[in-house]
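Visitor: My questions will all concern the structure given below.
Please treat every number below as a calculation from the coordinates, not as lab data. Note that the structure is predicted; figures quoted are calculated from it, not measured. All Cβ positions, glycine included, derive from the backbone under ideal geometry; neighbour counts span all protein chains shown.
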Amino acid sequence: MSRLLRMDRTGHTELAAWNAGDTGSYERAATIFDEQLAGGYMGVAKLHDESWEQVKRLPAEVEYVLLRRPIVGG
Amino acid sequence: MAASPGALPELEAVAWRRRADERALVLRERISAAYTALYVTPLLVVAGALVWLEPFLFPVSLLALAHAWVIPELFANRGAGVVRVPRRRGADGPERVAQGLLGDLLGHEARELQRRTGLALERGRLGVWLVGEAGALLVRPGGRRAHTYCVRPAEDDLPPSDRIAHLLLALREDEEGFATVANHAFAGATWRIRRRLAPVRRPALDAAVAATRTGSPERSCS
């Protein structure tokens, strides 16, 4: 089970979950993911080798994808 | 600066900056050392010359030496400010949730260290990072030099642990990009920064220095 989490003022919110083999749940999650990107969030996926990668499309086979806000120099 | 695959998107907002790679960091260290020497050397010369010309002027000489000591301390104080302990907002509901997520992002040792000191330790190619709520400290390989950076999430009302998680993720995505987006605050001796840190933060710096001298990363920036 993969999860789409948004880091926000509540701590974090789980927006969607999907199985790699379940096209319907993946497409619903991908739609939510695209909406969040349009709203200014950035997607970061945890890959199988424990590295993290910026993603513009929701990957199907990952543990989870986090949505974060941009960072700025303080 | 052309955006490369895997580069932080935030770099577009600071397109005029040179990418903060190893060479750029070494250059910053040299400029910072030269800058400090420019301020301090005349004061040391004055202190020595006064005593040589007239030993009774030693109080004035001491004053010049004090100035020579204080100026680098002021630079370090500014640098240490990026990880200063903020006002405690308490571990209420959102913060408890955010702590859980941050804990998942960190390994066991780094999680314990973060809970004790408020700083998340992350090993990278440029050195060992300590990430706080509104800034980050980079201890260079060998542990003798450190850089500090002002950097924060663009959204202000996030729980403290979520703020750290934001910075940690950006750092893992693109370490050099992270150091480029962040505003550089200080480059200099690690011992000088340590003196200006709150006591609660110092164990994190000690752990980072120790980590620069061991080659077994618990987790590395990609």
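Visitor: Using only the alpha-carbon atoms of region B:19-222 as identical scatterers, what base-10 log of I(q)/I(0) does the Debye formula give at q = 0.11, 0.13 Å⁻¹?
Guide: Scattering profile of region B:19-222, log10 relative to I(0): -0.55, -0.71.
Visitor: Quick one: what Rg and Dmax do you get for region B:107-222 from the alpha carbons, in Å?
Guide: Cα only, region B:107-222: 12.8, 37 Å (Rg, Dmax).
Visitor: Right, something else. If each DSSP helix of 4+ residues adds -39,500 (n - 2.57) and the sum is divided by the residues in the protein assembly as shown, what number results at 222 nm, nearest 500 deg cm²/dmol? List each step's numbers first, then the result.
Guide: Values: 9 runs with 133 residues, N = 296.
The helix contribution divided over the protein assembly as shown gives -14500 deg cm²/dmol.
Visitor: A follow-up question, please. If amide H atoms are built 1.01 Å from N in the plane of the peptide, which residues on other chains or at least 5 residues away come under 5 Å of the amide H of residue B:186?
Guide: Excluding prolines and chain starts, which carry no amide H, the hits are B:148.
Visitor: Output needed: percent of Cα pairs per 5 Å distance bin for chain A, bins running from 0 to the one holding the longest distance.
Guide: 3, 17, 29, 26, 16, 6, 2, 1, 0
Visitor: When the Karplus curve 6.51 cos²θ - 1.76 cosθ + 1.60 is applied with θ = phi - 60°, which whole-Hz ³J(HN,Hα) does each residue of region B:32-41 get, with x for Gly and Pro?
Guide: Whole-Hz 3J(HN,Hα) from phi for region B:32-41: 5, 5, 5, 5, 5, 4, 4, 7, 7, 4.
Visitor: Here's something else I'd like to know. Enter the angle in degrees (range 0 to 90, nearest 10) between the Cα long axis of helix A:23-38 and the first principal axis of the Cα atoms of chain A, meaning the one along which they spread out most.
Guide: Rounded to the nearest ten degrees, it is 10.
Visitor: Within region B:158-174, which residues have the backbone N less than 18 Å from the label spot 7 Å out from residue B:198 along Cα→beta-carbon, could you tell me?
Guide: Label zone hits: B:158-165.
Visitor: Right, another one. Over chain B, what is the relative contact order in whole percent, taking alpha-carbon pairs under 8 Å and six or more residues apart?
Guide: Taking the mean separation of contacting Cα pairs over the length of chain B, I get 26 percent.
Visitor: Arrange the following residues from fewest to most other Cβ atoms within 10 Å of their Cβ: B:52, B:16, B:191. Could you put the intermediate results ahead of the total?
Guide: Details: B:52 10, B:16 6, B:191 13.
Listed from fewest to most nearby Cβ atoms, that is B:16, B:52, B:191.
Visitor: Whole percent per 10 Å bin, from 0 to the bin with the longest distance: what is P(r) over all C-alpha pairs of region B:21-140?
Guide: Per 10 Å bin, starting at zero, the Cα-Cα P(r) for region B:21-140 comes out as 11, 27, 23, 18, 13, 6, 1 percent.
Visitor: Separate question: Taking the 0 to 90 degree range and rounding to the nearest ten, how far is the long axis of helix B:160-173 tilted relative to the main principal axis of chain B, both from C-alpha atoms?
Guide: In chain B, helix B:160-173 runs at an angle near 90 degrees to the longest axis.
Visitor: I've got another one for you. Do you know the relative contact order of region A:2-68, to the nearest whole percent, from alpha carbon pairs under 8 angstrom that are 6+ apart? Intermediate values should be presented prior to the final figure.
Guide: Working: 123 pairs, mean separation 24.5, N = 67.
It rounds to 37 percent for region A:2-68.
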